[in-house]
Amino acid sequence: MIFWHTCKENFRTDGSLRDIYITPATLADWRAVYPVLRSFPVVEYSVDGVTQPVPASVEQVFGVRRFANPMLRVRVGATLVVFHFFTDEEIECDFLPNEIRSQVDLDALLAFVRRIGDATRKRVVITPENTREKPFITYHPTSAEFEQL
């Protein structure tokens, strides 16, 4: 278990987002994660900022990506996690660090990370924005363990 008091500095507001990555990924990984995302009670989908119904499949989202900017927002506890679908070779999403303010918020985020890691059976990292090589929390689905760096 990761305790809030040991990692709260990683969630301090500094003007940047925090990223969650599964990399490398494949379309099969996206197919495994997408139903997990759709299962959350609050899921919002938009294309170029216009709200639309959530597509039934991730293939539909990537079809839109060729000519527009799809975005899926998932409410994870107090945190809004945002997927931009930049590529099918990486699962990347981001969130505002100041939305993680307590052990309860952290636990909800880590449960989300566990769900997507278990769905793909791949390592998931939480990092400062655009620094996938510098994770501060890693989830290893093979051992079902979190590691704090």
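The values are calculated or read from the model by the stated rules, or taken from the named source; none is laboratory data. This structure is a prediction, so every number in the text was calculated from the model and none was measured. Cβ placement follows ideal geometry from the backbone for every residue including glycine, while neighbour counts extend to all protein chains displayed. The protein model used for the area step is the full one, side chains on, heavy atoms only, and it has no ligands, DNA or RNA in it. Shrake-Rupley method; radii C 1.70, N 1.55, O 1.52, S 1.80 Å.
Please report the relative contact order for the range 94-149, taking Cα pairs under 8 Å with a sequence separation of at least 6, and give it as a percent rounded to a whole number. It would help to have the intermediate numbers written out before the result.
On the way: 62 pairs, mean separation 13.2, N = 56.
Here the relative contact order equals 24 percent.
Nearest 20 debye, what's the magnitude of the dipole of the range 16-84 about its Cα centre given +1 on Lys and Arg Cβ and -1 on Asp and Glu Cβ? Can you show the working numbers first?
Numbers: 7 positive and 5 negative charges, 12 e Å.
Around 60 debye, computed over the range 16-84.
With +1 assigned to the C-beta of every Lys and Arg and -1 to the C-beta of every Asp and Glu, and no other charges, what is the dipole magnitude of the range 3-149 about the Cα centre in debye, to the nearest 20? Numbers along the way, then the final one.
Details: 17 positive and 20 negative charges, 52 e Å.
Roughly 260 debye for the range 3-149.
Given V104, P35, W4, which one lies farthest toward the positive end of the charge dipole of the chain, if we put +1 on the Cβ of every Lys and Arg and -1 on the Cβ of every Asp and Glu?
The residue sitting most towards the positive pole is P35.
Convex hull volume of the Cα atoms in the range 21-108, per residue, in Å³? Could the numbers behind the result be given before it?
Details: hull volume 8.5 nm³, N = 88.
Dividing the Cα hull volume of the range 21-108 by its residues yields 96 Å³.
How large, in percent, is the carbon and sulfur part of the accessible surface of the chain at a probe radius of 1.4 Å? Let's see the in-between values first.
Details: 4000 of 7530 Å².
Its accessible area is 53 percent carbon and sulfur atoms.
Please compute the length gained on full extension between S46 and E89, using 0.36 nm multiplied by the number of residues separating them and subtracting their Cα-Cα distance.
My answer for the length gained is 13.3 nm.
GluC sites (Glu not before Pro) within the range 109-149: which are DSSP loop residues with at most 10 other Cβ atoms inside 10 Å? All intermediate terms of the calculation are to be shown ahead of the outcome.
On the way: sites: E129, E133, E145, E147; in loops: E129, E133.
Sites meeting the loop and neighbour criteria: E133.
May I ask which residue of L80, S57, F146 lies farthest towards the positive end of the charge dipole of the chain, with charges of +1 (Lys, Arg) and -1 (Asp, Glu) on Cβ and the Cα centre as origin?
With unit charges placed on the Cβ atoms, the residue in question is S57.
Over the range 1-118, what relative contact order in percent results from Cα pairs under 8 Å that are six or more residues apart? Please list the in-between numbers first.
On the way: 168 pairs, mean separation 39.3, N = 118.
Reported as a whole number, the value is 33 percent.
Pulled fully out, how much extra length does the chain show between A28 and A56, if you take 0.36 nm times their separation in residues and subtract their Cα-Cα distance?
Working: separation 28, 0.36 × 28 = 10.08 nm, distance 1.53 nm.
Result for the pair: 8.6 nm of gain on full extension.
What's the FRET efficiency of V82 with S143 using the Cβ-Cβ distance as r and R₀ = 22 Å, to the nearest 0.05? Walk me through the intermediate numbers first.
Values: r = 28 Å, r/R0 = 1.29.
It comes to 0.20.
Tell me which chymotrypsin sites (Phe, Trp or Tyr not before Pro) from the range 48-144 have a DSSP coil assignment and no more than 14 other beta carbons within 10 Å of their own. Spell out each step's value before the answer.
Values: sites: F62, F67, F83, F85, F86, F95, F112, F136, Y139; in loops: F67, F85, F86, F136.
When the chymotrypsin sites (Phe, Trp or Tyr not before Pro) of the range 48-144 are filtered for loop state and at most 14 Cβ neighbours within 10 Å, F67, F86 remain.
Rank these by accessible area, largest first, 1.4 Å probe: K122, K134. Please report the intermediate quantities before stating the final value.
Working: K122 60, K134 130 Å².
Most to least solvent-accessible, the answer reads K134, K122.
Trypsin sites (Lys or Arg not before Pro) within the range 1-94: which are DSSP loop residues with at most 10 other Cβ atoms inside 10 Å?
R12, R66
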